[in-house]
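Below is one structure; the comments refer to it alone.
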Amino acid sequence: MICLLAVVAVGGIGTVATLVKSVVLVVDGKPMAVRSFAGSVRELLGEVGVSVGYGDSVRPAGQAELADGTRIVVRHARPITLTLDGRTSRRLVTATNVGDALAELDISPAGGRLSAPPTKHVPLSGMALSVYTRREVYIETGGLRMATTTTGRTIREVLRQRRVPLRPGYRVRPPLDSFPAQGTVIRVSPPAPPHTVAVSAAVAALDWAALAQCMSNGDPLAVNPAGPYYGMYGFSLAMWTAVGGTGLPHTWPPEEQTYRAQLLYQLVGGRWQGQWRECGARLFD
């Protein structure tokens, strides 16, 4: 009888031993060995006091059956206030450092500018992160266009990087404090020549918008290589100069181009046929 009880006891111990699972639990990159009778991943996490909430990652999933030798990885969500090329949004990541967070967000920092190094720890409380990617923009000044790559946050910063001087009275488009997105064309123009010749009220009242629409679809940046002709009104360089224009017509804002077109109309005594043969009649729509 004593021998039988001993066998039962030994068998019971063996059965209990087979129910215990040895698993590895990795929480936010920190591993620990755990022995448990839990039947699922969720039960094990409850036993060891690891909470899981919205945005957190658990692999295998919580309902998965717990087996001996299982490796469980828990990564808690971290809020990041991300400013990407000037646009701010709030994101959740489970990465524990900046480099992995960028990879999780599918953002390549190659050649860009980061407000924190890739190795910086991302705390559970979250952090703010600014990323400025490498972009190609164009600068037009003095009738020339040059391409440049930049991580600049503003037009002003791009011009400073390329050592483009901003003299008093110079116009810059887009505005100096705006963001230089990929493909932006930055135009730096000297002050407009003085408007010493008055435009008569009758000339100003003509339909200049209709003429520009016919000549160039109203595009102040238009260039027709046939002449070549430039700007909204298809100026040749000779006629542009004759009415006091400087530089290239299409580098000036629409107001300056319209003023010079009105002067041209006055200069030829209203004989528009020689200047805008196909479209001049639109002035009287």
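For residues that are closer than 13 Å to Arg187 by Cα and open to solvent by less than 40 Å² (accessible area, probe 1.4 Å), scanning just the range 148-164, find the one that is modelled with the lowest pLDDT. Walk me through it before giving the result.
Our first condition is that a residue be closer than 13 Å to Arg187 by Cα; within the range 148-164, this holds for 155-156, 158-159, 164.
The next check asks that each one be open to solvent by less than 40 Å² (accessible area, probe 1.4 Å); those that pass are 155, 158-159, 164.
On the way: Ile155: 96, Val158: 96, Leu159: 96, Val164: 92.
The extreme case among them is Val164.
Listed here are the residues, each with its yes/no results for (1) open to solvent by less than 30 Å² (accessible area, probe 1.4 Å); (2) out of contact with any Ser or Thr (no Cβ under 7 Å at 6 or more places or on another chain); (3) not in a helix (DSSP H, G or I).
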{"position": "Met232", "(1), (2), (3)": "yes, no, yes"}
{"position": "Thr241", "(1), (2), (3)": "no, yes, no"}
{"position": "Gly245", "(1), (2), (3)": "yes, yes, yes"}
{"position": "Glu256", "(1), (2), (3)": "yes, yes, no"}
{"position": "Arg260", "(1), (2), (3)": "yes, yes, no"}
{"position": "Leu264", "(1), (2), (3)": "yes, yes, no"}
{"position": "Gly270", "(1), (2), (3)": "yes, yes, yes"}
{"position": "Arg277", "(1), (2), (3)": "no, yes, yes"}
{"position": "Arg282", "(1), (2), (3)": "no, yes, no"}
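For the range 109-131, the set of residues classified as among the polar types (S, T, N, Q) and surrounded by 13 or more Cβ atoms within 10 Å (Cβ to Cβ) consists of Ser115, Ser130, listed by residue number.
From the list Arg145, Arg167, the one residue that fits, being open to solvent by 40 Å² or more (accessible area, probe 1.4 Å), out of contact with any Leu (no Cβ under 9 Å at 6 or more places or on another chain) and part of a loop (DSSP other than H, G, I, E, B), is Arg167. Identify all residues within the range 48-97 that are open to solvent by less than 40 Å² (accessible area, probe 1.4 Å), more than 40 Å from the chain's Cα centre (by Cα) and either touching a residue at least 40 places away in the same chain (Cβ under 8 Å) or closer than 19 Å to Leu129 by Cα (or both); write none if there are none. If the condition is that a residue be open to solvent by less than 40 Å² (accessible area, probe 1.4 Å), more than 40 Å from the chain's Cα centre (by Cα) and either touching a residue at least 40 places away in the same chain (Cβ under 8 Å) or closer than 19 Å to Leu129 by Cα (or both), then Leu66, Thr70 are the ones that fit. Residues in the range 226-258 that are in contact with a Phe, Trp or Tyr (Cβ under 9 Å, 6 or more places away or on another chain) and among the aromatic types (Phe, Trp, Tyr): Tyr229, Tyr230, Tyr233, Phe235, Trp240.
What do you reckon, is Ala209 of a type in the set (A, V, I, L, M, F, W, C), part of a loop (DSSP other than H, G, I, E, B) and either under 29 Å from Glu278 (Cα atoms) or touching a residue at least 40 places away in the same chain (Cβ under 8 Å) (or both)?
Details: of a type in the set (A, V, I, L, M, F, W, C): yes; part of a loop (DSSP other than H, G, I, E, B): no; either under 29 Å from Glu278 (Cα atoms) or touching a residue at least 40 places away in the same chain (Cβ under 8 Å) (or both): yes.
Taking the combined requirement at face value, the residue does not satisfy it.
Taking the condition under 20 Å from Thr94 (Cα atoms) and without any contact (Cβ under 8 Å) to a residue 40 or more places away in the chain, does Leu45 pass?
On the way: under 20 Å from Thr94 (Cα atoms): yes; without any contact (Cβ under 8 Å) to a residue 40 or more places away in the chain: yes.
It is true that Leu45 is under 20 Å from Thr94 (Cα atoms) and without any contact (Cβ under 8 Å) to a residue 40 or more places away in the chain.
With respect to being open to solvent by less than 40 Å² (accessible area, probe 1.4 Å), in contact with a helix residue (DSSP H, G or I) (Cβ under 8 Å, 6 or more places away or on another chain) and either at pLDDT below 95 or more than 30 Å from Thr150 (Cα to Cα) (or both), Val34 fits the description.
The values are calculated or read from the model by the stated rules, or taken from the named source; none is laboratory data. Everything numeric in this text was worked out from a predicted model, so none of it was measured. Every residue, glycine among them, receives a Cβ derived from its backbone with ideal geometry; neighbour counts consider all protein chains shown. Surface accessibility is based on the protein's heavy atoms, side chains included, excluding ligands, DNA and RNA. Shrake-Rupley method; radii C 1.70, N 1.55, O 1.52, S 1.80 Å.
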